[in-house]
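Trainee: This is the structure I want to talk about, given as structure tokens.
The values are calculated or read from the model by the stated rules, or taken from the named source; none is laboratory data. Computed from a predicted structure; not experimentally measured. Note that each Cβ is placed from the backbone with ideal geometry, even for glycine, and that neighbours are counted across all protein chains shown.
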């Protein structure tokens, strides 16, 4: 058997059990209106129970049948270096993936996988719409062999007897790091706010006599106690979620690959090639800036919007100390010539502040108008939004910055959530200069840079400068001009 | 566009203006009329039938005038230029946008013809890179021959190049 090929293989028989539960859950979620109808409708107890049971049994049988067909028909192999996956009975599909087009390979194990000793293999390309090569349940040995064969097929290396280099740990997250991460999660604050708001509104829901009695007893001491308790509860939830998701996180560098592993109940192992990294995003909410750390997302072309920042990135590093950011970024982007906190960063145009304040005033005025329209005089409270939005806008403007260096595009913005993006210029796919009506009024424009899987907007600059940047970035990268060969 | 480096943009085919108007009128009939009528009924039930009718009538008149006037503006604002190394597309009435697509980044180029476009002998060109965010640039209202020629030119320019992925 050649080292860059595998014969046709099937999923592990345990895949039926592993896949049946999530498919059943998906069926229930998709068919909840029908199930609700079954529950709510009346009729003869005997006949409705029998017919309801028959319908549910039929749906479950359909799910079981599809799961069995999936197991019986799915085959995969590596043939002449390409991964081929075929499946389906009535609608047959064969998918061929060239190893050079693979952005990252992920090995995931949820609770069911761990109980059965199996692993899910996800092979992603830059098409960006779904996981292109999904093998839902393989044995660990088969999965590791497949990953190794794909890697050898890509490199054209026949000798598999050579030992793989020991990965070098770049970042390892400790328990205390996860506590810091969970305690500063944005959802903690939101939970706390919601809980406090619901608690304070509870007096409106009670009968008048009880509400009056509660109000007299609701002293500020009681309020503080409840607030602390609520926040503590919210914090505990945030910390618990961080531990469950990011337990044992490590980011390792092996040859020209980054390997990220994490997870307590569901483990996740992602391998990215350095040559496929499109951009690096450094995320620092205000609490985390105070706590002295940030989260780092390393994105490849396979990045999709999977519902939230953490879901979309291929490698998400939850905790990186602020002092260590440049080292981590330099590993993900070896050719970077810009630091995360770079002193050469340029500010947006001064008129941008006035444009932002004008836009903020217009949108706030519209909200105030809606509030007055719906709530009458009580809607005057919405006027408080004006000073809040003005302050927020000024703070956001203060944090904005941008820089175009010979190798990188750098942009930064946001006060409550500071996002710093570093893009390799050799990855730029297309560029847009956008001028909205307000921007034209102030003589401003924005440059948007598209890379594979993402789109990044720079802070506003003068219109002339925006077009000058477009001309600068549309050319070939400095790397290509220098004749520097890109590895991987 | 930049004053420092004026670029001559090629316009769309003249008869594309009729396609723009036809599409706008179709949107008015197929979308705005039913939506406004439904909204008017809802307003009549929730508030006042008289005022709901007035508001709905004024809104429909505004949408109709926009359908008559706006497409010509949009047509005049659309232009493109194939430069050395990139394709430039400018468009937008309220929101001006200029897209620059380096030719060495182009993954594939599609030409589309809807029923209206087929009737007028026109086609729309959509250019895709590896951004994965849909078409990076669209040029509507080209004659079929011009669309095919542009597509072939762009694809030839991108063959064998590094796609940056």
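Trainee: Would you check which residues across segment A:435-458 are out of contact with any strand residue (DSSP E or B) (no Cβ under 9 Å at 6 or more places or on another chain) and in a loop (DSSP other than H, G, I, E, B) and list them?
Mentor: Selection gives A:442 alone.
Trainee: What's the number of the condition residue A:392 fails, among (1) more than 14 Å from chain B (Cβ to nearest Cβ); (2) touching a helix residue (DSSP H, G or I) at 6+ places or on another chain (Cβ under 6 Å)?
Mentor: Tallying (1) more than 14 Å from chain B (Cβ to nearest Cβ); (2) touching a helix residue (DSSP H, G or I) at 6+ places or on another chain (Cβ under 6 Å), residue A:392 fails exactly one: (2).
Trainee: Residues to consider are B:142, B:154; find the one that is more than 14 Å from chain A (Cβ to nearest Cβ) and either part of a helix (DSSP H, G or I) or crowded, with 19+ Cβ neighbours inside 10 Å (or both).
Mentor: Answer to the selection: B:142.
Trainee: Looking at this structure, is residue A:141 over 15 Å from residue A:259 (Cβ atoms), in a helix (DSSP H, G or I), away from chain B (no Cβ under 14 Å) and modelled with pLDDT of 80 or more?
Mentor: yes
Trainee: Surrounded by fewer than 22 Cβ atoms within 10 Å (Cβ to Cβ) and in contact with a helix residue (DSSP H, G or I) (Cβ under 9 Å, 6 or more places away or on another chain): does that describe residue B:91?
Mentor: It is true that residue B:91 is surrounded by fewer than 22 Cβ atoms within 10 Å (Cβ to Cβ) and in contact with a helix residue (DSSP H, G or I) (Cβ under 9 Å, 6 or more places away or on another chain).
Trainee: Ok, one more. Return a yes/no flag: does segment A:145-157 have any residue that is within 18 Å of residue A:7 (Cβ to Cβ), at pLDDT 90 or above and surrounded by 14 or more Cβ atoms within 10 Å (Cβ to Cβ).
Mentor: Yes - at least one qualifying residue is present in segment A:145-157.
Trainee: Also: Go through segment B:19-65 and give me each residue that's touching a helix residue (DSSP H, G or I) at 6+ places or on another chain (Cβ under 6 Å) and touching a residue at least 40 places away in the same chain (Cβ under 8 Å).
Mentor: B:19, B:20, B:21, B:22, B:24, B:25
Trainee: For segment B:94-111, what are the residues that are loosely packed, with under 15 Cβ neighbours inside 10 Å and within 9 Å of another protein chain (Cβ to nearest Cβ)?
Mentor: Result: B:94, B:95.
Trainee: Which of the residues belonging to segment A:422-443 are more than 10 Å from chain B (Cβ to nearest Cβ) and surrounded by 24 or more Cβ atoms within 10 Å (Cβ to Cβ)?
Mentor: A:422, A:423
Trainee: Can you pull out the residues in segment A:460-474 that are outside any strand (DSSP E or B) and surrounded by fewer than 21 Cβ atoms within 10 Å (Cβ to Cβ)?
Mentor: Listed by number, the residues that qualify are A:464, A:465, A:468, A:469, A:471, A:472, A:473, A:474.
Trainee: Taking segment A:444-484 as the search range and keeping residues that are more than 31 Å from the chain's Cα centre (by Cα), more than 8 Å from chain B (Cβ to nearest Cβ) and over 27 Å from residue A:358 (Cα atoms), which one is modelled with the lowest pLDDT?
Mentor: Of everything passing the filter in segment A:444-484, A:484 is modelled with the lowest pLDDT.
Trainee: Given the structure, is residue B:114 surrounded by 13 or more Cβ atoms within 10 Å (Cβ to Cβ), in contact with a helix residue (DSSP H, G or I) (Cβ under 9 Å, 6 or more places away or on another chain) and in the same structural domain as residue B:146 (by TED's automatic domain parsing)?
Mentor: So residue B:114 passes the test.
Trainee: Quick check, is residue A:133 away from chain B (no Cβ under 14 Å) and at positive phi?
Mentor: no
Trainee: Inside segment A:176-198, can you point out the residues that are at pLDDT 85 or above and loosely packed, with under 12 Cβ neighbours inside 10 Å?
Mentor: Scanning segment A:176-198 gives a single hit, A:176.
Trainee: Please count how many residues of segment A:391-419 are free of Cβ contacts under 8 Å to residues at least 40 places away in the same chain and over 15 Å from residue A:360 (Cβ atoms).
Mentor: 1
Trainee: Let me ask something else. What number goes with the only condition from (1) away from chain A (no Cβ under 14 Å); (2) buried (at least 16 other Cβ atoms within 10 Å of the Cβ); (3) under 15 Å from the mean Cα position of the chain (by Cα) that residue B:80 does not pass?
Mentor: Failing condition for residue B:80: (1).
Trainee: Being more than 30 Å from the chain's Cα centre (by Cα), at pLDDT 85 or above and either outside any strand (DSSP E or B) or surrounded by fewer than 16 Cβ atoms within 10 Å (Cβ to Cβ) (or both) narrows it down to one residue among A:50, A:68, A:38; which is it?
Mentor: That would be A:68, the only listed residue that is more than 30 Å from the chain's Cα centre (by Cα), at pLDDT 85 or above and either outside any strand (DSSP E or B) or surrounded by fewer than 16 Cβ atoms within 10 Å (Cβ to Cβ) (or both).
Trainee: Of the numbered conditions (1) over 30 Å from residue B:107 (Cβ atoms); (2) within 14 Å of another protein chain (Cβ to nearest Cβ); (3) buried (at least 16 other Cβ atoms within 10 Å of the Cβ), residue A:415 satisfies every one except a single condition; which is it?
Mentor: (2)
Conditions tested, residue by residue: (1) without any contact (Cβ under 8 Å) to a residue 12 or more places away in the chain; (2) not in a helix (DSSP H, G or I).
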position: B:73; (1), (2): no, no
position: B:81; (1), (2): no, yes
position: B:84; (1), (2): yes, yes
position: B:87; (1), (2): no, yes
position: B:93; (1), (2): no, yes
position: B:98; (1), (2): no, yes
position: B:101; (1), (2): no, yes
position: B:111; (1), (2): no, yes
position: B:119; (1), (2): yes, no
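Trainee: Enumerate the pairs (first residue in segment A:87-114 and more than 14 Å from chain B (Cβ to nearest Cβ); second residue anywhere and in a strand (DSSP E or B) and exposed (fewer than 13 other Cβ atoms within 10 Å of the Cβ)) with beta-carbon separation below 8 Å, excluding pairs fewer than 6 apart on the same chain, so at least 6 apart or on different chains.
Mentor: A:87/A:93
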